[in-house]
Every structure is written in structure tokens, then in C-alpha cells.
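What follows is one structure encoded as C-alpha cells, with my remarks underneath.
The values are calculated or read from the model by the stated rules, or taken from the named source; none is laboratory data. None of the values given here were measured: they were computed from a predicted structure. Cβ coordinates were reconstructed from backbone atoms using ideal geometry, including for glycine residues, and neighbour counts include every protein chain displayed.
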């Protein structure tokens, strides 16, 4: 019940913020976590997820990292971190977090789909590099 209350407060507090107004979002999130003194992985994840939904991906990633400091195998935080790393083109980190999510929640089809997406994207990038290098080599 307390977690739902904190999550609800975070979503309400963030509903008036825009993703480009990072300082206001950061103040609200830090105050909320301190106010409830619930520095648990789930609460950091909830804050991160609210930020993620608002498009504040960098700040959301910081909260997912805080959740993972408390609980390294916490699948929801690993999955969202993987999505953010994928969008940043950090395929190694993305695959690591996606794989951790799948290993700890093997029955979750969404985590498996995220991992497959990352692996496919990595393979596509690898093939593109091969093509670029072969064209460069043939041009000389």
C-alpha cells in the first residue's frame, strides 16, 4: 500500500513537469524519496519509471541505477535500463541489463523481447560495420 501511495504521489508530482525541465523534476524526485525514507529498490524504480514515461531518460536511468544498487537482480529496473542504453547506442550495457532481467525473470515475455531486440540491433550494427570496412578496403 505504501509503495502504491509513493508511486501515485510521484506520478501526480511529475504530471506537471516537462522532460526538458530536469531541475524541477530532480528536486521533486529527491524530496519525495527522502520524505518517505523508503530508499528501497522498488521506490527508486517507481521514480525512474515515472521519469521514463515523461521522457526524462537520463534522469530515469539514474534512478534505475539506484534501484540496482539496492537490488542488482531487480528485473524491472534492469529491463528499463536496457531500453535506455539501447536508445543511446550502448549495446553492450543494454544487452547486459536485458540478459540480467531475463535470467532473473525467465517467464516474462517482455524481457525476452527486449533482449531479442537488442541482440538483433547489435547484429545489424555489426553487419553495417563489416559493409563499411569492406567498402573502405575495396576503395583503396
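Screening residue 112 on (1) touching a residue at least 12 places away in the same chain (Cβ under 8 Å); (2) surrounded by 13 or more Cβ atoms within 10 Å (Cβ to Cβ) shows it passes everything except condition (1).
Taking the stated definitions as given, is residue 93 assigned to a helix (DSSP H, G or I) and modelled with pLDDT of 95 or more? So residue 93 fits the description; yes. Part of a helix (DSSP H, G or I), surrounded by fewer than 20 Cβ atoms within 10 Å (Cβ to Cβ) and out of contact with any strand residue (DSSP E or B) (no Cβ under 7 Å at 6 or more places or on another chain), is that true of residue 117? It is true that residue 117 is part of a helix (DSSP H, G or I), surrounded by fewer than 20 Cβ atoms within 10 Å (Cβ to Cβ) and out of contact with any strand residue (DSSP E or B) (no Cβ under 7 Å at 6 or more places or on another chain).
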